[in-house]
Amino acid sequence: MAVLARSSSPSSLSKLLRPHSVSSLRSFSSSAADDQRVLTIETSVPFTGHRIEPPSRAVDTTPAEILSFFRDMAVMRRMEIAADSLYKAKLIRGFCHLYDGQEAVAVGMEAAITKRDGIITSYRDHCTFLGRGGTLLQAFAELMGRRDGCAKGKGGSMHFYRKEASYYGGHGIVGAQIPLGCGVAFAQKYSKDGSVTFALYGDGAANQGQLFEALNMAALLDLPAILVCENNHYGMGTAEWRAAKSPAYYKRGDYVPGLKVDGMDVLAVKQACIFAKEYALANGPIILEMDTYRYHGHSMSDPGSTYRTRDEISGVRQERDPIERVRKLILSHELASASELKDIEKEVRKEVDDAVAQAKECPVPDPSELFSNVYVKGFGAETFGPDRKEVRSVLP
């Protein structure tokens, strides 16, 4: 990335994880005004368009925003590493899909949109939840099945949710969130509120028939739906080239325009999402293919090294890691020193460790919660014992 130009006009900040995350970094710059000066930075590689003229590679940002990108991605990375340890300690049970390596997609997307814009995603949903304003405590409590979790401890890893921030979940059924996301976009168009929905899915889900059915309807109705393929190149343990005759996922819409984006470049993701939102509001659906990479296996039961080499993984870490790219950008433009960035990482580690400790102390849901949010209230649904002769309770 290279700086192209500088100016003094202000730019709004993305406050992703904690309201104080940007202000806590302000000491690294000479003044608040200096934090807000505009830097125009070129993306790492050009965008590639399908049936559409790609946006400019020149992205406007500020020192404060770049520093917030570093911190926010560091929090996400540390959270996923902690989740790995908790799973191995059997404090997290069931399925667990980690997002480390793909943080630039969640952070760059948030920098481009508002909380009125909807996001719906697959089961790899922890970091997107943080991006939507969720807390570390809510995340870890949900992962460990505790009452203070974002879904009251009843959703687990695959079903994070934050309705107040238009985050419609984590979904465990492969590709099922795509038609749901188009349905949210239908509601947005009907209400004429100027918002859009980002429906995220992986390259493994890109071959699902329901994607094409939903996309056809979205195109017919000109819905403000943005379909985002997070292409980490492996659907479970299958390389994309073994599962897809045409792995150019941004072209899969045929009659729907698409854009290929370097999903390891947080500024490229931001630029693409700004562009896609403007397009979708005026014209209807668009596909974004985020070229990204996951460091962990597909899930915790997958070591992630049987279908790819360790050299491949370490090569991506060395050459394309989204956090290291931002670190280099910060250092090259003297926005902070190496020791100051290390201090941020130490602060992040403590913040995550404290959240884990607090989540461990949270109570599990009361047994009476077993049937809540399942049946319609007020219909007198009854629960029985094993022999169905004894009425155990009448649900409210």
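Would it be correct to say that Gly101 is touching a Pro at 6+ places or on another chain (Cβ under 9 Å) and surrounded by 24 or more Cβ atoms within 10 Å (Cβ to Cβ)?
Taking the combined requirement at face value, the residue satisfies it.
Of everything in the range 326-343 that's within 21 Å of Val105 (Cβ to Cβ) and in contact with a helix residue (DSSP H, G or I) (Cβ under 7 Å, 6 or more places away or on another chain), which residue is most open to solvent (accessible area, probe 1.4 Å)?
Arg327
Please specify each residue of the range 93-130 satisfying the condition of being in contact with a Gly (Cβ under 8 Å, 6 or more places away or on another chain) and over 20 Å from Ala272 (Cβ atoms).
Result: Arg93, Gly94, Phe95, Tyr123, Asp125, Phe129.
Would you please name the residue that is nearest to Gln36 (Cα to Cα), looking only at residues in the range 52-103 that are β-branched (Val, Ile, Thr) and in a helix (DSSP H, G or I)?
Across the range 52-103, the extreme among qualifying residues is Ile66.
So which of Ile313, Ile323 is surrounded by 15 or more Cβ atoms within 10 Å (Cβ to Cβ), within 27 Å of the chain's Cα centre (by Cα) and free of Cβ contacts under 8 Å to residues at least 40 places away in the same chain?
When all the criteria are applied, what remains is Ile313.
Do any strands (runs of 3 or more DSSP E) lying entirely in the range 178-265 carry at least 2 residues that are surrounded by 18 or more Cβ atoms within 10 Å (Cβ to Cβ) and touching a Phe, Trp or Tyr at 6+ places or on another chain (Cβ under 7 Å), and which ones are they?
Filter on the range 178-265 gives 225-231, 258-262.
Just the residues that are part of a loop (DSSP other than H, G, I, E, B), closer than 24 Å to Val196 by Cα and open to solvent by less than 20 Å² (accessible area, probe 1.4 Å), please, taken from the range 145-169.
Phe160, Ser166, Gly169
May I ask you to list the residues in the range 358-369 that are closer than 17 Å to Ala83 by Cβ and open to solvent by 50 Å² or more (accessible area, probe 1.4 Å)?
Gln358, Lys360
When both residues are 6+ apart or on different chains and their Cβ atoms are under 9 Å apart, which pairs have a first residue that lies in the range 207-229 and is more than 24 Å from Asp291 (Cα to Cα), and a second that is charged (D, E, K, R)?
So the pair list comes out as Leu221/Lys189; Asp222/Lys189; Leu223/Lys189.
Residues checked against (1) assigned by the TED database to the domain that holds Gly172; (2) assigned to a helix (DSSP H, G or I); (3) open to solvent by 40 Å² or more (accessible area, probe 1.4 Å):
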position: Lys270; (1), (2), (3): yes, yes, no
position: Ala276; (1), (2), (3): yes, yes, no
position: Ala280; (1), (2), (3): yes, yes, no
position: Ile287; (1), (2), (3): yes, no, no
position: Met290; (1), (2), (3): yes, no, no
position: Tyr295; (1), (2), (3): yes, no, no
position: Ser301; (1), (2), (3): yes, no, yes
position: Arg317; (1), (2), (3): yes, yes, yes
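Pairs under 8 Å by beta carbon, first residue not assigned by the TED database to the domain that holds Asp125 and of a type in the set (Gly, Ala, Ser) in the range 157-179, partner surrounded by fewer than 21 Cβ atoms within 10 Å (Cβ to Cβ) and not in a helix (DSSP H, G or I), six or more apart or different chains?
Within 8 Å, no pair qualifies.
Going through the range 139-154 one residue at a time, which ones are touching a residue at least 24 places away in the same chain (Cβ under 8 Å) and under 14 Å from Ala82 (Cβ atoms)?
Across the range 139-154, the qualifying residues are Ala139, Phe140, Ala141, Leu143, Met144.
Taking the range 326-337 on its own, how many of its residues are under 13 Å from Arg71 (Cα atoms) and outside any loop (DSSP other than H, G, I, E, B)?
Within the range 326-337, residues that are under 13 Å from Arg71 (Cα atoms) and outside any loop (DSSP other than H, G, I, E, B) number 3.
Look at the range 371-388 and say how many of its residues are within 28 Å of Leu137 (Cα to Cα) and surrounded by fewer than 13 Cβ atoms within 10 Å (Cβ to Cβ).
So the count comes out to 2.
Could you tell me how many of the residues in the range 34-87 are modelled with pLDDT under 95 and surrounded by 21 or more Cβ atoms within 10 Å (Cβ to Cβ)?
1
Of the numbered conditions (1) more than 26 Å from Gln138 (Cα to Cα); (2) in a loop (DSSP other than H, G, I, E, B), Val364 satisfies every one except a single condition; which is it?
(1)
The values are calculated or read from the model by the stated rules, or taken from the named source; none is laboratory data. Just so it is clear, the structure is predicted and the values come from calculations on it, not from any experiment. Heads up, the Cβs are rebuilt from the backbone with ideal geometry, glycines too, and the neighbour counts pull from every protein chain shown. Note: areas computed on protein heavy atoms with side chains; ligands, DNA, RNA excluded. Shrake-Rupley method; radii C 1.70, N 1.55, O 1.52, S 1.80 Å.
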